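To start, the structure itself, in structure tokens.
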Amino acid sequence: MKTNFTIVLVTLILYVAGSHPSRGQAPKFGQIDMADLAMSTYAPDTSAAAVILSDHGSLEYVHDYYAAFVFKRHVRIKILKKAGYEWGNVDIPYVKAGGRGEQVTEIKASTFNLVNGQITEDKIRGKEIYDGRHGAFVHLKKFAMPNVREGSVIEYTYTIDSRYLHNLKEWSFQSSIPIVWSEYRVKMPEQYAFKMVKQGSHPLYTPEDLGLKYNFRKEGNRWIAKDVPALHLESYLTTLSDYLTKIEFELYKINYSSGNQKIPTGDWSEFAEILAEDEDFGKHLKPAGRFGKQIEKIKAKDTNPLQQVEGIYSFVQDSMKWNGYHSLRLEKTLPEILKKRSGDVADINMLLIAMLREAGFDANPVLVSTRSHGKPYKKTPLFTKFDYVVAQVKIDEAELLLDATEPQLLPGMLPIRCLNGEGYLVEGAESKWISLSTGASYSNYHIKNLTVDNSGKVSGTGEELLDGYSALSTRQAIKEEGADKYAAAYSGAGSSKVTEAIISNIDSLDKPLAIAYKITADNAGSANTIYLNPIMGSGVSKNPFQNPVRIYPVDFAAPIKETIVCNVKVPTGWKVEEVPQNISLTLPSHSATYTYMVQQIGNMLMIISKLNVNKTLFSPEEYPQLRELYHQAVAKHAEQVVFKKEAVN
């Protein structure tokens, strides 16, 4: 629905001078400042594709059968460039579990444009709002703002009624685009005592700090951030949510009128006990002979405990298809899930744990906060701080982590999405935080055997061996594209021409994935000079760390092992005129190393490049040295060997 507002100059001046609300007050929906519509760039950050003009949120306790509290939000965003159009696609997340959960109401949204001196309004209609899902229990209300263009101002409001008193809505004052004004008001009765946990470096203000009128008894707590810069996603980062300026809340005490105090669970051992008896979690793991036939067949094949575990793991991998959703709770029984042959993370991995237990193994769930969900939260046990569950099984003295959602994943490896520090092992009185590192790495080994003829033409063979997470991601790509298509498009030698690529060990997950190929390259020199880049585009070719300063840690998730070996046969009548210098770089505590070595024996020239990143997490203080090491590696990979034709006597 479109509405036009005719504005004469005198009215406009009065509106801007007297009617535009102070940033300290929540704006009235639809009263758009002409200056905001006319804005073509945001002066503090001219690169911004959009800017959040105001973001007001409120949270208030209500004594109601349907809700414990009401959350309201009112957002106004200026679109500056086409890259900012994505902000017109709005997702409102809310929790929905069975008949319980949250309700989203009072959605109102409009796009405002300035057209020939008139403000036009395009409204969202109810039928243009539809439902989506972000996870097993996280649902979405979704809509696309109409008629979004460069210069638009989009505005929307909504309300969420929630019963989850222990899970108060957090508030982010920062985003991937700049924010002019963001504030959050929280009003709770005195009987509920909360701790506020602040994250991030941008300052927060109270109304008193900014000289604003404020009535605590009427308004409750109020936090404000203004002129907040954008945070940009950088390479090797978990999620921006870990570094945004935001506040979260922990309920730590309830005061009753009688004077008695109730302390909500803040004890991890009690948390584990509750989970063990939870109808949607631990009770599903009680052995009850539900999978006897399947387990009997698997155990009949192998008597070795490790092979039996691998057999059960493979059975679940082959029987179940992951639907892509993260989750922790079950909505159906495990036999029903197995019969359906598809499910979310909890469905698949809780099935795995139950089968391992029925087979007589000590198997337990491990709660995980994935990399996209954020850093694991250890202060207080909150179920919402986890979004994933994997299995741990003990075999003799060994402890093996398992995730059956990925068909190409070896037992003992976890998907990269799970490699986020530590997870919480739920094992009764032995429950504890454990490392999620499995020892697997990104491993790439390149070997090239090259011959250079008298004209400078290069020919030879090459092979790339991939292991660990490099093999996993490549096998997944091969499965998606098909082996023939992947081989035809393979360009593992970079700047050279690759033909006849042959892929081996696609389904032999316990062996390195091998890609063999033939190489040809033309001489870039002259009749008397041959230039050869022995790396030929393999390995790291661009420094992933471009910024001289970084405020976030660098998180590789897993170690990196990259080796390139190039053997070159020197042509008869030619000599090696120039080679790259050898270097060896080592960061403190051998956290990362890089070596480049050239050696000539007779008419054979060997070039070896080795990059090892042994530590997965680097602090901002360690960043400059890590950046320089990558700079040196990239520079070396670009250097060339020079051959000169020998003079004829």
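The values are calculated or read from the model by the stated rules, or taken from the named source; none is laboratory data. Because the structure is a prediction, the values reported are computed rather than measured. Virtual Cβ from ideal backbone geometry, glycine too; neighbours counted across all protein chains shown. Surface accessibility is based on the protein's heavy atoms, side chains included, excluding ligands, DNA and RNA. Shrake-Rupley method; radii C 1.70, N 1.55, O 1.52, S 1.80 Å.
Using the alpha-carbon positions of segment 337-409, Rg (one decimal) and Dmax (whole number) come out as 13.4, 39 Å. Rg and Dmax of segment 513-611, based on Cα coordinates, read 17.2, 55 Å.
Calculate what fraction, in whole %, of the accessible area of segment 557-609 sits on carbon and sulfur atoms when a 1.4 Å probe is rolled over the protein chains. Please list the in-between numbers first.
Values: 1340 of 2600 Å².
Heavy-atom surface of segment 557-609 belonging to carbon and sulfur, 1.4 Å probe: 52 percent.
Charged neighbours of Lys286, selected by a Cβ distance under 14 Å, balance to -2 (K, R count +1; D, E count -1). Mind checking which of Ser314, Asn89, Ile247 is farthest towards the positive end of the chain's charge dipole, using Cβ charges of +1 (Lys, Arg) and -1 (Asp, Glu) about the Cα centre? The residue sitting most towards the positive pole is Asn89.
How many Å² of accessible area per residue for segment 438-558, probe 1.4 Å? Please list the in-between numbers first.
Working: 5740 Å² over 121 residues.
It amounts to 47 Å² per residue over segment 438-558.
Placing unit charges on the Cβ atoms only, positive for Lys and Arg and negative for Asp and Glu, gives the chain a dipole magnitude near 1160 debye about its Cα centre. Where both bridge residues fall in the chain, DSSP classifies roughly 90% of the beta bridges as antiparallel. Per residue, the accessible area of segment 166-256 comes to 48 Å², computed with a 1.4 Å probe over protein heavy atoms only. Between Pro415, Phe173, Gly211, the Cα set farthest toward the positive side of the dipole of the chain (charges on each charged residue's Cβ, about the Cα centre) is that of Gly211. Can you pull a Stokes-Einstein diffusion coefficient for the chain at 37 °C (0.692 mPa s), Rh from Kirkwood over Cα pairs, as a whole number of µm²/s? D, rounded to a whole number, is 113 µm²/s.
Based on the Stokes-Einstein relation at 20 °C and a viscosity of 1.002 mPa s, and on the Kirkwood radius from alpha carbon pairs, segment 504-544 is assigned a translational diffusion coefficient of 154 µm²/s.
Derived scalar couplings between HN and Hα for segment 31-40 equal 8, 8, 6, 4, 5, 5, 5, 7, 4, 10 Hz in order, rounded to whole Hz, by the Karplus curve 6.51 cos²θ - 1.76 cosθ + 1.60 (θ = phi - 60°), x for Gly and Pro. When shorter helices are ignored and each DSSP H run of at least 4 residues is given -39500 (n - 2.57), the per-residue value for the chain at 222 nm works out to -5000 deg cm²/dmol.
State the percentage of accessible surface on segment 436-494 attributable to carbon and sulfur atoms; use a 1.4 Å probe and exclude ligands, DNA and RNA. All intermediate terms of the calculation are to be shown ahead of the outcome.
Values: 1260 of 2690 Å².
Carbon and sulfur atoms account for 47 percent of the accessible area of segment 436-494.
With all protein chains in place and a 1.4 Å probe, the accessible surface of segment 253-364 carries 47 percent carbon and sulfur.
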